[in-house]
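Take a look at the structure set out below.
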Amino acid sequence: MERRAFIKTSSLLSSTLALTGSASLAGIPHATSHQSINEPIWLDGPMRWVQLAFVERDPGHYDPDFWLSYFKRIHAQGALLSAGGIVAFYPTQIPLHHRSDFMGSSDTLGYLVEGCRKQGMKIMLRTDPHAVRQDMYDAHPDWIAVTADGQKRRHWANPELWVTCALGPYNFEFMPQVNQEIMQRFQPEGIFSNRWHGHGICYCEHCQTNFKAYSGLALPQKADKLDLTYRKWADWNTKRLREVWALWDAGIRKERPTSRFIPNGFPDKIVTGREADLFFADQQARRGLIPPWANGKGAKELRSTLGLKPLIGIFSVGVEEEFRWKDSVQSDAEIRIWVAEGTANGMRPCFVKFGGDIYDKRWMESVANLYEGYYRNEKYLRNTASLARVGLVYSEQTDRNYGGKPWQQRSGDHLDGMYHALVENRIPFDMVNDRLLTPDDLRRFKLLILPNIAALSDTQCRQLQAFVENGGSVVATFETSLYDEEGRPRPDFGLAGLFGVSYDRQVEGPMRNSYLQLRHDAANNQTHQILKGLDDTPRIINAIYKVNVKPTATFPSPVTLIPTYPDLPMEDVYPRVPQTDTRELYLRQVGKGRVAYLPGDLDRSFWQLLSHDHSRLLGNVIHWALDEEPVVTVTGPGVIDINVWRQANSMTVHLVNLTNPMMMKGPFRELIPVDAQVSVQVPASVKITRVKLLMSGRQPKFMQKAGRLVLDVPRILDHEIVALDLA
């Protein structure tokens with residue numbers, strides 16, 4: 001089997017583009033090197049998946065041949081089908097394993113499995129252990145979850161059901177029997193379990209006893225991430241779930257060594273990346289104010305630990321808003337843009353339909369068109385390396401251990417703001433887990449961005465220091481490294497040596513009516529680069545909070561502070577201090593690397609305000625720190641998300657058109673086409689034999705000049721893929 005891995009990318013890409021799809025171990029970072037070369041080939045086989053989530057009344061009410069015909073039409077290669085847990089859709093022999101009341105003497109699941117196998121599809125069977133009926137409650141009341149006030153937990157959506165404890169005997173004793181029966185009867189490629197990990201703190205007798213034995217403590221009374229007892233519970237919960245994962249996976253492999261257990265979500269992405277040989281990402285659709293790039297963000301986070309192991313993106317054709325209208329459907333445009341974001345970021349699509357007895361079929365043509373396009377261009381979607389040179393760091397560690405102060409609320413907005421700025425500025429990037437910062441993990445990146453990665457260990461700080469010493473660059477904001485890995489405050493930044501500043505004992509804000517002074521200097525190239533596009537204004541709005549710092553090195557001053565002054569009454573709205581020498585951006589060269597530190601929460605402020613000036617300034621700082629020609633540049637109107645990939649004999653540039661008035665509040669009503677000019681960096685040593693626009697089927701004219709290939713893309717509706725065939 002071909003071994004797929006990230007390939008080291010030089011600034012000119014010459015070494016990468018000269019490589020074939022196979023890579024030597026020397027070029028494989030840690031995050032991808034744990035995949036065994038002897039893995040069963042089926043894992044990397046299916047590129048297009050389907051999920052049919054049965055409801056109990058489906059047997060006798062739905063037409064399985066209708067679905068088998070549809071699977072064949074769309075060239076589906078893998079099927080995720082409901083098997084057991086809450087309801088068994090086959091003739092189970094396990095006592096208290098509830099069999100569908102509508103099934104009679106038939107085998108609903110067996111018929112569909114057989115039909116899929118005749119079409120050459122791989123089979124993943126789905127279980128759901130999170131709820132049971134009254135007979136299970138009567139036989140095993142200790143298997144039921146308990147609330148903080150000592151009450152057995154009724155199901156929140158269906159009061160006829162009881163919620164199970166995920167960490168007790170139901171999952172450790174009953175579900176292994178279900179898994180064994182499913183494996184012996186159907187021999188699937190694996191079992192995927194939904195809602196297997198519980199729903200908050202359970203106070204049943206087993207959890208009380210087991211947590212006491214683990215920690216010596218009573219269970220916490222509420223979920224408070226800054227409470228030490230809750231943190232201890234969270235650690236125990238993760239360890240206990242890992243035991244469930246290991247138990248189920250071992251039982252499944254015992255029945256069929258090439259099969260796997262796939263959990264639907266796990267609280268630690270490092271463990272997910274290490275243990276999962278493929279993964280289903282259950283990011284079904286947008287809701288509320290979620291932007292359409294969120295599906296790509298989820299893919300990037302998972303790829304940061306999974307590497308290029310198969311990542312399947314489950315997307316719903318139904319509406320995912322708060323009140324869950326599962327039998328309705330989304331618009332064609334909304335489905336297409338969500339799937340495009342996942343595919344462009346390395347996920348393999350898997351639609352999910354709840355209920356086999358279908359009411360609204362409007363989605364089916366849209367999904368068919370998507371899958372048929374991906375089928376025609378499958379070889380260009382089998383990626384062997386991402387060519388992004390920018391890494392956006394995210395931190396589960398900071399999420400768990402940081403917060404509590406007024407300026408630390410909505411801390412996730414730092415990451416979202418920086419993510420959106422990168423998309424708006426059309427910068428290809430990947431994401432980096434802050435616990436994977438070894439030289440092997442980071443070797444393909446030129447720039448790391450730290451959006452308020454507040455909680456960092458001494459080791460992580462040394463790794464980032466080494467990254468810069470080896471020629472990498474860093475952009476950091478706000479309280480980055482001001483706390484250790486447990487969230488304990490440091491007297492100074494852990495990265496003070498890199499930043500060239502020290503903490504001045506105060507976080508200021510919220511700052512009303514404060515501004516950033518832009519000190520233009522036409523003769524200074526660095527200042528010109530930082531303030532590009534802001535030439536016609538002397539100032540822009542400031543961030544909302546800022547960390548006070550003292551410089552310990554010499555810095556330029558392109559951006560300085562205009563302090564807060566009254567915004568009412570109108571007669572008093574004028575600056576009391578028109579300008580200061582307090583820098584709000586610290587830029588320095590460190591060896592061959594560059595470091596930019598912004599003491600303000602400019603990334604979070606951008607996400608909350610969406611000020612175009614903030615986006616422009618952040619983009620300029622990122623380009624300055626990158627200090628190399630981008631792999632791809634795209635000009636033209638609109639908002640376009642860009643991803644760049646390498647395949648065995650090709651290179652692809654994914655262009656996802658997010659231009660839409662509904663971008664920040666879905667669903668899309670229509671797709672609004674844009675045009676673009678694309679310039680791709682290609683070393684002279686690489687011969688391009690053909691250029692294609694895969695989704696539209698066009699072969700555009702192009703020219704090569706000064707190491708770059710330039711072409712016009714006349715129409716991007718939702719998703720266009722520029723494919724360069726390489727000799």
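The values are calculated or read from the model by the stated rules, or taken from the named source; none is laboratory data. This structure is a prediction, so every number in the text was calculated from the model and none was measured. Counting neighbours? That spans all protein chains shown, and the Cβs are built from the backbone with ideal geometry, glycine included.
Does the range 212-235 contain at least one residue that is within 22 Å of Leu125 (Cβ to Cβ) and either touching a Gly at 6+ places or on another chain (Cβ under 9 Å) or part of a loop (DSSP other than H, G, I, E, B) (or both)? Please lay out each step first, then the result.
At the first step, the residues of the range 212-235 found to be within 22 Å of Leu125 (Cβ to Cβ) are none.
There is no residue in the range 212-235 that is within 22 Å of Leu125 (Cβ to Cβ) and either touching a Gly at 6+ places or on another chain (Cβ under 9 Å) or part of a loop (DSSP other than H, G, I, E, B) (or both).
Check the range 101-115 and report whether any residue there is in a loop (DSSP other than H, G, I, E, B), at negative phi and of a type in the set (Ser, Thr, Tyr).
Filtering the range 101-115 down to residues in a loop (DSSP other than H, G, I, E, B) leaves 101-107.
If we keep only those that are at negative phi too, we end up with 101-103, 105-107.
Narrowing further to those that are of a type in the set (Ser, Thr, Tyr): 105-106.
Looking through the range 101-115, at least one residue is in a loop (DSSP other than H, G, I, E, B), at negative phi and of a type in the set (Ser, Thr, Tyr).
Could you identify the single residue in Asp277, Asp224, Asp249 that is surrounded by 19 or more Cβ atoms within 10 Å (Cβ to Cβ) and free of Cβ contacts under 8 Å to residues at least 40 places away in the same chain?
Details: Asp277 fails: free of Cβ contacts under 8 Å to residues at least 40 places away in the same chain; Asp224 fails: surrounded by 19 or more Cβ atoms within 10 Å (Cβ to Cβ).
Step by step, each of Asp277, Asp224, Asp249 is checked, and only Asp249 is surrounded by 19 or more Cβ atoms within 10 Å (Cβ to Cβ) and free of Cβ contacts under 8 Å to residues at least 40 places away in the same chain.
Mind checking which residues of the range 550-570 are surrounded by 13 or more Cβ atoms within 10 Å (Cβ to Cβ), not in a strand (DSSP E or B) and not small (Gly, Ala, Ser)? Talk me through it step by step, then tell me what you get.
Taking the range 550-570 and keeping what is surrounded by 13 or more Cβ atoms within 10 Å (Cβ to Cβ), we get 551-552, 555-566.
With not in a strand (DSSP E or B) added as a condition, the list becomes 552, 555-558, 563-566.
Selection gives Thr552, Phe555, Pro556, Pro558, Pro563, Thr564, Tyr565, Pro566.
Give the residue, chosen from Val547, Val573, that is buried (at least 21 other Cβ atoms within 10 Å of the Cβ) and hydrophobic (A, V, I, L, M, F, W, C).
Val547
Just for the range 65-80: of the residues that are touching a helix residue (DSSP H, G or I) at 6+ places or on another chain (Cβ under 6 Å) and under 24 Å from Phe279 (Cβ atoms), which one is surrounded by the fewest Cβ atoms within 10 Å (Cβ to Cβ)?
Among those that are touching a helix residue (DSSP H, G or I) at 6+ places or on another chain (Cβ under 6 Å) and under 24 Å from Phe279 (Cβ atoms), it is His75.
Can you tell me which residue is farthest from Asn452 (Cα to Cα) among those in the range 523-544 that are crowded, with 21+ Cβ neighbours inside 10 Å and touching an Asp or Glu at 6+ places or on another chain (Cβ under 8 Å)? Outline the logic, then answer.
Applying the first criterion (crowded, with 21+ Cβ neighbours inside 10 Å) to the range 523-544 yields 530-531, 542-543.
Filter once more, so that each one left must be touching an Asp or Glu at 6+ places or on another chain (Cβ under 8 Å): 542-543.
Details: Asn542: 17, Ala543: 13 Å.
Looking at residues that are crowded, with 21+ Cβ neighbours inside 10 Å and touching an Asp or Glu at 6+ places or on another chain (Cβ under 8 Å), I get Asn542.
Hey, can you tell me all the residues within the range 435-474 that are farther than 26 Å from Val547 by Cα and under 22 Å from the mean Cα position of the chain (by Cα)? First the steps, then the outcome.
Taking the range 435-474 first, the residues farther than 26 Å from Val547 by Cα are 436, 438-446, 470-471.
Within the range 435-474, Leu436, Thr438, Asp440, Asp441, Leu442, Arg443, Arg444, Phe445, Lys446 meet the criteria.
Listed residues Arg240, Arg260, Arg287, Arg303; which is modelled with pLDDT under 95 and either buried (at least 18 other Cβ atoms within 10 Å of the Cβ) or within 30 Å of Val656 (Cα to Cα) (or both)? Lay out the reasoning, then the answer.
Details: Arg240 fails: modelled with pLDDT under 95; Arg260 fails: modelled with pLDDT under 95; Arg303 fails: modelled with pLDDT under 95.
After ruling out the rest, the residue left standing is Arg287.
Mind listing whichever residues of the range 550-565 are of a type outside the set (S, T, N, Q), at pLDDT 95 or above and closer than 25 Å to Ser611 by Cα?
Once the filter is applied, which keeps residues that are of a type outside the set (S, T, N, Q), at pLDDT 95 or above and closer than 25 Å to Ser611 by Cα, the range 550-565 yields Pro558, Val559, Leu561, Ile562, Pro563, Tyr565.
Of the residues Arg708, Arg715, which is surrounded by fewer than 19 Cβ atoms within 10 Å (Cβ to Cβ) and within 18 Å of Val644 (Cα to Cα)? Steps first, please.
Values: Arg715 fails: within 18 Å of Val644 (Cα to Cα).
Being surrounded by fewer than 19 Cβ atoms within 10 Å (Cβ to Cβ) and within 18 Å of Val644 (Cα to Cα) holds for just one of Arg708, Arg715, which is Arg708.
Quick check on my filter: what residues within the range 116-137 are under 16 Å from Met47 (Cβ atoms) and in contact (Cβ under 8 Å) with a residue 60 or more places away in the chain?
Kept after step one, since they are under 16 Å from Met47 (Cβ atoms), are these residues of the range 116-137: 116, 119-124.
Within the range 116-137, Met121, Lys122, Ile123, Met124 qualify.
Which pairs turn up if I take residues in the range 61-86 that are within 20 Å of Val178 (Cα to Cα) and look for partners that are assigned to a strand (DSSP E or B) and among the acidic types (Asp, Glu) with beta carbon separation below 6 Å, at least 6 apart in sequence or on another chain?
If the second residue must be assigned to a strand (DSSP E or B) and among the acidic types (Asp, Glu), the pairs left are Gly85/Asp128; Ile86/Asp128.
Return the only residue of Leu289, Leu247, Leu308 being in a loop (DSSP other than H, G, I, E, B), aliphatic (A, V, I, L, M), over 19 Å from Val50 (Cβ atoms) and touching a Phe, Trp or Tyr at 6+ places or on another chain (Cβ under 7 Å). Before you say what the answer is, go through the steps one by one.
Numbers: Leu289 fails: touching a Phe, Trp or Tyr at 6+ places or on another chain (Cβ under 7 Å); Leu247 fails: in a loop (DSSP other than H, G, I, E, B).
Checking each option against the conditions leaves just Leu308.
In the range 364-404, how many residues are surrounded by fewer than 21 Cβ atoms within 10 Å (Cβ to Cβ) and farther than 30 Å from Leu437 by Cα?
12
Restricting to the range 405-420, what's the tally of residues that are surrounded by fewer than 23 Cβ atoms within 10 Å (Cβ to Cβ) and touching a strand residue (DSSP E or B) at 6+ places or on another chain (Cβ under 7 Å)?
The total comes to 1.
Those residues that are polar (S, T, N, Q) and outside any loop (DSSP other than H, G, I, E, B), I need them from the range 401-420; list them, please.
Asn401, Gln408 - these are the residues of the range 401-420 that are polar (S, T, N, Q) and outside any loop (DSSP other than H, G, I, E, B).
Tell me which strands (runs of 3 or more DSSP E) are completely within the range 620-727 and hold 2 or more residues being farther than 22 Å from Arg389 by Cα, touching a residue at least 40 places away in the same chain (Cβ under 8 Å) and not assigned by TED's automatic domain parsing to the domain that holds Val595, or say none if there are none. Outline the logic, then answer.
Details: elements: 632-635, 640-646, 650-657, 674-681, 688-693, 702-705, 708-716, 719-726.
Ranges flagged: 674-681, 708-716.
For the condition out of contact with any Ser or Thr (no Cβ under 6 Å at 6 or more places or on another chain) and among the hydroxyl-bearing types (Ser, Thr, Tyr), what is the one hit in Tyr230, Tyr170?
Numbers: Tyr170 fails: out of contact with any Ser or Thr (no Cβ under 6 Å at 6 or more places or on another chain).
It is Tyr230.
When the range 484-526 is examined, which residues are found to be under 18 Å from Ala553 (Cα atoms) and among the polar types (S, T, N, Q)? Reasoning before the result, please.
Here is the first cut: in the range 484-526, the ones under 18 Å from Ala553 (Cα atoms) are 492-504, 526.
Those that are under 18 Å from Ala553 (Cα atoms) and among the polar types (S, T, N, Q): Ser502, Gln526.
For the condition in a loop (DSSP other than H, G, I, E, B) and under 24 Å from the mean Cα position of the chain (by Cα), what is the one hit in Ala340, Ala333, Ala388? Steps first, please.
On the way: Ala340 fails: in a loop (DSSP other than H, G, I, E, B); Ala333 fails: in a loop (DSSP other than H, G, I, E, B).
Going through Ala340, Ala333, Ala388 in turn, the sole match is Ala388.
Looking at Arg133, is it in the same structural domain as Gln180 (by TED's automatic domain parsing), among the basic types (Lys, Arg) and within 27 Å of Gly265 (Cβ to Cβ)?
On the way: in the same structural domain as Gln180 (by TED's automatic domain parsing): yes; among the basic types (Lys, Arg): yes; within 27 Å of Gly265 (Cβ to Cβ): yes.
Yes: the conditions hold for Arg133.
Restricting to the range 575-612, name every residue that is in contact with a helix residue (DSSP H, G or I) (Cβ under 7 Å, 6 or more places away or on another chain), more than 17 Å from Gly412 (Cα to Cα) and either not aliphatic (A, V, I, L, M) or not assigned by TED's automatic domain parsing to the domain that holds Ala496 (or both).
Correct list: Tyr586, Gly591, Gly593, Arg594, Tyr597.
Looking at this structure, is Thr92 more than 29 Å from Lys379 (Cβ to Cβ) and either part of a loop (DSSP other than H, G, I, E, B) or modelled with pLDDT under 95 (or both)? Full working, then the answer.
Working: more than 29 Å from Lys379 (Cβ to Cβ): yes; either part of a loop (DSSP other than H, G, I, E, B) or modelled with pLDDT under 95 (or both): yes.
Criteria met by Thr92.
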